[in-house]
Ligand SMILES: [Ca+2]
């Protein structure tokens, strides 16, 4: 016989009936699930690039400085006149800044590249709305003629791809997973500057870049001397072979980007000064600058003129890329000059840094 339970206690007053409906529970759970999924996917895909981070400081080599012939007279007009220039000694990154090195910078600073930000419509009043979403230029093979009225505007093998950036070089579905030793691309000049400041370095002047690219050789057409690419089955740089812009045969071993150090170094121990990716310099671009340049450590013009239909001055980039082919753009030569607006980026453009020797 157990004790009598308190069943004789008076019942508590009944709670008032709840009136809120239950139909919202399922949609609420679905909504919360969606939010969590989106956040998780965003975190995962963003973090994927940062997982490639390589905290080892980039290797640098001392470039001795000296006097050299900059430019050439029998080439595109902006490479002339060939003129003597003297540069002071400096240190230069042995390779282009890699995905791993750039990821280390972003991991440490939270820096967001130009291509990851929505463009400011006030800065681009004439832009098509589709171009005002964060993204960048991506090369797409296409069977197109090499010359036409678009040549200096926007060739048909370039597409503006929303979601393309250094983490996703060819667009949202691409990634840099497993590519820490590839050069970082989709880097605007502003991004390269930000990295250089963080690293306690700077971008090379155009004169420093060309002096370094020549590797101690005097007035040679290539960074490695005078032999043409592929001569005797030897390849010196990652450029483009095949039928540009439709089909990259990859005869040099790489159709598209190559990991850094895939080709022999030049006379100063620098890799990929020719081909692979374009490299930003500190100078504004002026096609007539060589005629008025100072001889010692030329810093480039104080500002760049507007050229070739661009609405803003442009910065110099050097070295050519994996897209340089002999028929259209033979600019993997040490004298070749190119330019782009400082807020532009593409999947064939990166950079490397220098610092003063003293
Ligand atoms: Ca190639």
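Every read-out reported here was derived from the displayed coordinates using simple, explicitly stated rules and does not represent laboratory data. Note that the structure is predicted; figures quoted are calculated from it, not measured. Please note: Cβ atoms are built from the backbone with ideal geometry, for glycine as well, and neighbour counts cover all protein chains shown.
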All conditions in (1) free of Cβ contacts under 8 Å to residues at least 60 places away in the same chain; (2) within 14 Å of the chain's Cα centre (by Cα); (3) more than 16 Å from the ligand (Cβ to nearest atom) are true of residue 318 except (1)
Looking for whichever is in contact (Cβ under 8 Å) with a residue 40 or more places away in the chain, crowded, with 18+ Cβ neighbours inside 10 Å and within 16 Å of the ligand (Cβ to nearest atom) here; the options are 263, 244. Which one fits?
244
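Could you say whether any residue in segment 310-323 is over 25 Å from residue 242 (Cα atoms), touching a helix residue (DSSP H, G or I) at 6+ places or on another chain (Cβ under 6 Å) and crowded, with 18+ Cβ neighbours inside 10 Å?
yes
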With the requirement that a residue be farther than 24 Å from residue 101 by Cα, touching a strand residue (DSSP E or B) at 6+ places or on another chain (Cβ under 8 Å) and either within 16 Å of the ligand (Cβ to nearest atom) or outside any strand (DSSP E or B) (or both), what does segment 266-286 give you?
285
I'm trying to understand the selection: among the residues of segment 221-241, which are within 12 Å of the ligand (Cβ to nearest atom) and surrounded by fewer than 15 Cβ atoms within 10 Å (Cβ to Cβ)?
230
